[in-house]
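These notes are about the structure you will find just below.
The values are calculated or read from the model by the stated rules, or taken from the named source; none is laboratory data. If you're wondering where the values come from, they're calculated on a predicted model, not measured in any experiment. All Cβ positions, even for glycine, are placed from backbone atoms using ideal geometry, and neighbour counts span all protein chains on display. With ligands, DNA and RNA removed, areas are computed over all heavy atoms of the protein, side chains included. Shrake-Rupley method; radii C 1.70, N 1.55, O 1.52, S 1.80 Å.
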Amino acid sequence: MRDIITLLEEKSKPQDIEIIPLNFEPREISPVVSAPALELHYEKLAKTYAKRYNEREGDRDFNYAGVFLHNLLFTQFREVRENNQPNGPIKGFIDKNYGSYNSFKEDFLKEAMGIQGSGWVYLAYNGKIKTIKNHEVRDDILLLIDWWEHAWILDYGSDKKEYLKQQWKIINWNVISTRWGKSL
């Protein structure tokens, strides 16, 4: 017999979940994320979290959080822009907390490189850069970068610094600004 906490936790989660459709064409984010890397990351891994959750296989919390995090991740992508910079209110937010976009990227890289193994690195609504060691739902994620090996291995080998440098080219700052605006 399961305890009441387990039952309440399960009741608070939906019966079924899904990975949301991509809001871009795969070619739009290439070469930052190649078609084979996107196929692995989106079609095989992210969708498998939803499938396992829906079929009640494995660790439901892990699978639920995997879907949650990937849905945030994929919705913040846009076509490649070589000089992609934050704009509007989010630019002011970053400048206030880090002095400049370049300083923010340096601090973000430092935090990401401190992760031993796999995880996630993100900018929180309070302006702090935080990490998630595994899969975990957080309610303070503003901007999210996947720091699991599958996110970079096909396109960047073991060069995680280059992977992060390229990720900035596909961040949709309008989406990040909208997220930030909803937190006010």
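So here's what we get for this one:
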| item | result |
| --- | --- |
| Single condition PHE24 does not satisfy, out of (1) in a loop (DSSP other than H, G, I, E, B); (2) surrounded by 14 or more Cβ atoms within 10 Å (Cβ to Cβ); (3) without any contact (Cβ under 8 Å) to a residue 40 or more places away in the chain | (3) |
| Helices (runs of 4 or more DSSP H) lying entirely in region 27-90 (those with 3 or more residues that are under 17 Å from GLU136 (Cα atoms) and touching a residue at least 60 places away in the same chain (Cβ under 8 Å)) | 60-75 |
| Identity of the residue in region 121-130, in a strand (DSSP E or B) and touching a helix residue (DSSP H, G or I) at 6+ places or on another chain (Cβ under 6 Å), that ends up farthest from ALA151 (Cα to Cα) | ILE129 |
| Within region 38-72, considering residues that are within 14 Å of PRO21 (Cβ to Cβ) and open to solvent by less than 40 Å² (accessible area, probe 1.4 Å), the one farthest from the chain's Cα centre (by Cα) | ALA50 |
| Criterion violated by PHE93 - all others in (1) surrounded by fewer than 18 Cβ atoms within 10 Å (Cβ to Cβ); (2) farther than 23 Å from PHE62 by Cβ satisfied | (1) |
| Count of region 99-108 residues which are in contact (Cβ under 8 Å) with a residue 24 or more places away in the chain, open to solvent by 50 Å² or more (accessible area, probe 1.4 Å) and touching a strand residue (DSSP E or B) at 6+ places or on another chain (Cβ under 9 Å) | 0 |
| Members of region 157-184 found to be without any contact (Cβ under 8 Å) to a residue 24 or more places away in the chain and buried (at least 19 other Cβ atoms within 10 Å of the Cβ), listed by number | TYR163 |
| Sole exception among (1) open to solvent by less than 60 Å² (accessible area, probe 1.4 Å); (2) over 19 Å from LYS160 (Cβ atoms); (3) aliphatic (A, V, I, L, M) for VAL137, by number | (1) |
| Residue within region 151-164 that is assigned to a loop (DSSP other than H, G, I, E, B) and within 12 Å of the chain's Cα centre (by Cα) present | no |
| Single condition SER118 does not satisfy, out of (1) buried (at least 16 other Cβ atoms within 10 Å of the Cβ); (2) farther than 20 Å from ILE170 by Cα; (3) modelled with pLDDT under 95 | (1) |
| Failed criterion for LEU7 (all others in (1) open to solvent by 60 Å² or more (accessible area, probe 1.4 Å); (2) over 20 Å from the mean Cα position of the chain (by Cα); (3) at pLDDT 95 or above hold) | (3) |
| Filter result for ARG81 (more than 25 Å from GLN167 (Cα to Cα) and either among the small types (Gly, Ala, Ser) or at pLDDT 95 or above (or both)) | no |
